Amino acid sequence: MKIFFTAEYSPEELEPLYELGEVVLDGWATGLPKMPEEELMEKTRDADILIVSYDDVTRKVIENASKLKLIACTRATPVNVDMEAAKERGIPVIYTPGRNSDTTAEFTIGLMLAIARNIPMAHKALKEGKYTNLNDQKKETKAGLTVDMIWDMETTAPYMVFKGTQLKGKTLGIVGYGSIGKRVGKIARAFGMALLIYDPFQCQIDIEEIGITKAESLESLMSNADFVTCHMKITSETKGIINKEMISLMKPTAYFINCSRGAVLDESALIEALREKRIAGAAIDVYEREPLAINHPYVAELDNVVITPHIGGATNEVLVNHTIQLVSDVKRFLNGERLLYEYRS
């Protein structure tokens, strides 16, 4: 049993896989770039099981691997696997749903705090030498008073420039209340936020409790939320769901957060709203095109957006999670048991 393995992984959790067959580590698993199609075709010609993270498992790869019996992809959705070609061959595809749900939820809250409190902007200013002294100058305290540690109280002082808004008492609108959306909501509730949920596939009775309400429509959520965060897979219904009309409904004091997929958003409409200060700000981890262009407005122009380079799921714990998931399902497959993580498109 040859297992060709190019995925990210946690070494300790991968150990049981070596007991199941000949494991060949290559490509991304060994620190190499994404493997070209021709190379993957050649190296998987005699593989029984193929496990990848980012390599493209195309029809050519699948059809060329005559012994292939199982494909595993360590992604929340196996977008890089030709599911139709696998189906035609009768090859099951396993994936790792929920592997990064906690990590992405935490990161979403981090972005909310970052934009609400202007944390990256303040950090950047200090790094650039703003609001600093040229030497170790000390302020004099008048007799009878306690030392006041505030930096300054002019209108140009950081206390004024970076004044933000707290999360407690605000309404968080969550568009998509699945694995990640629920976790975001749970953390937000600990901050004292009320939740407004839009998810057509969630019943009202499964959502609502004190402080959590299912929105009647997406329009209602966009109009009433102080923060809007998206957590959806890309489908024909969700592509471009946050469009110009939806953004126009947001409060001028509201913030938009996206750790989902760039395709759920009309990026040009958000840029226009940010440019014209029609909303308070945005925090974005995913984009219409990645990597971002150096002259993209998020990078080169706008000062009311926090941006990160698609790292919402980038933690070591994610590797542990998906390694455990894939190893356990490979065992089930070899034992003829029902798979827990088989993808069904």
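Using the basic label-point model (7 angstrom from Cα toward the beta carbon), what is the residue 217 to residue 59 distance in nanometres?
Output for this residue pair reads 4.2 nm.
Test of understanding: what is the full-extension gain from residue 1 to residue 340, defined as 0.36 nm times their sequence separation minus their Cα-Cα distance?
Contour length minus Cα-Cα distance gives 119.9 nm.
Taking the Cα atoms only, what angle lies between the long axis of helix 101-116 and the longest principal axis of the chain, rounded to 10 degrees?
Roughly 20 degrees, rounded to the nearest 10.
Within the chain, what whole-number % of the accessible surface is contributed by carbon and sulfur, with the 1.4 Å probe and all protein chains included in the calculation?
Carbon-and-sulfur percentage of accessible area, whole number: 52.
Which order do the peptides 289-299, 182-192, 47-57 come out in when sorted by mean C-beta neighbours inside 10 angstrom, highest first?
Ranking the peptides 289-299, 182-192, 47-57 by packing returns 47-57, 182-192, 289-299.
Please give the per residue accessible area of the chain, computed with a probe of 1.4 Å over protein heavy atoms only, in Å².
54 Å²
With an 8 Å Cα cut-off and a minimum separation of 6 or more residues, compute the relative contact order for the chain in percent.
Over the chain, the number comes to 16 percent.
Report the antiparallel proportion of the DSSP beta bridges in the chain as a percent, rounded to a multiple of 5.
Around 5 percent of the beta bridges assigned by DSSP in the chain are antiparallel ones.
Let me know the Kirkwood hydrodynamic radius for the stretch 14-166, please, with Cα pairs as the basis and the value in Å to one decimal.
20.8 Å
In deg cm²/dmol, rounded to 500, what helix-only [θ] at 222 nm does the chain give when every DSSP H run of at least 4 residues adds -39500 (n - 2.57) and the total is split over its residues?
My calculation for the chain gives -8500 deg cm²/dmol from helical runs alone.
Would you please name the GluC sites (Glu not before Pro) within the stretch 256-345 that are DSSP coil residues with at most 14 other C-beta atoms within 10 Å of their C-beta?
276, 288, 301, 337
If I stretch the segment between residue 66 and residue 117 completely, what's the gain in nm (0.36 nm per residue apart, minus their alpha carbon distance), one decimal?
12.8 nm is the gain from fully extending residue 66 to residue 117.
Residue 203 accessible area, nearest 10 Å², 1.4 Å probe?
My reading of the accessible area for residue 203 is about 60 Å².
Find the relative contact order for the stretch 105-259 and round it to a whole percent, using C-alpha pairs within less than 8 Å whose residues are 6+ positions apart.
23 percent
The values are calculated or read from the model by the stated rules, or taken from the named source; none is laboratory data. Not measured: the values here are computed from a predicted model. Don't worry about glycine lacking a Cβ; one is built from the backbone with ideal geometry, like all the others, and counts go over all protein chains shown. Protein only, heavy atoms only, side chains kept; ligands, DNA and RNA dropped before computing areas. Shrake-Rupley method; radii C 1.70, N 1.55, O 1.52, S 1.80 Å.
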